[in-house]
1. Skipping prolines and chain starts, which residues have an amide H placed within reach, meaning under 5 Å, of the one on CYS104, given they are 5 or more residues away or on another chain?
2. Taking R0 as 41 Å, what's the FRET efficiency between ALA44 and ILE142 from their Cβ-Cβ distance, rounded to 0.05?
Amino acid sequence: MPDIPMDKDFEASVGASDATEGVSRRGFIARAGLGAVGLCYAGAVAYPVYRYLAAPAEQAAELAAITEVKIPEEKMPSPGTALMFRFGSRPTMLIHHKDGTLACLTAVCTHLGCTVQYQPEQDHIHCACHGGVYDARTGANISGPPPKPLQRFNVERANGQILITRA
Ligand code: FES
């Protein structure tokens, strides 16, 4: 089959067009690749920041959704001890005082959020992080840096269960 003669300008323009298209395609792929890497990097940085900022709001919403916790009587702590449990996502303690009374308080320090411990010898709640001390019956501040009392919960005993509700 004979060659079809082509105009030199036409050949040049076709060649130039293919070359331009090739560079353009490679450029597009390179840019898309860089964009995908950049997107992954931005996501890797932004997601932990989002989780950090959203966590208190999510925890507050979760806590608000939970109105009561039931603990079977057989899990009642013996007098002079405390039972740690979770009210939603929050560590909470049910204290059985030596005089037989019960108190339920959040176990999250109001200073910087450390988990506090019941000290039966002093009948206090102590935060080991910075020495905060609370009343083990009311959650009121006694000493140290915590700015607010511990949150209290209502405690009722009925039908073989200990019912913990918001105060
Ligand atoms: S976190 Fe409890 S006293 Fe600072």
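Computed from the coordinates by the stated procedures, all read-outs in this text should not be read as laboratory data. Please read all numbers here as calculations on a predicted model, not as lab measurements. Cβ sites come from the backbone with ideal geometry, for glycine too, and all protein chains shown count toward neighbours.
1. Amide H to amide H, under 5 Å and 5 or more residues apart or across chains, CYS104 pairs with ILE95, PHE153.
2. Working: r = 45 Å, r/R0 = 1.09.
My answer for the efficiency is 0.35.
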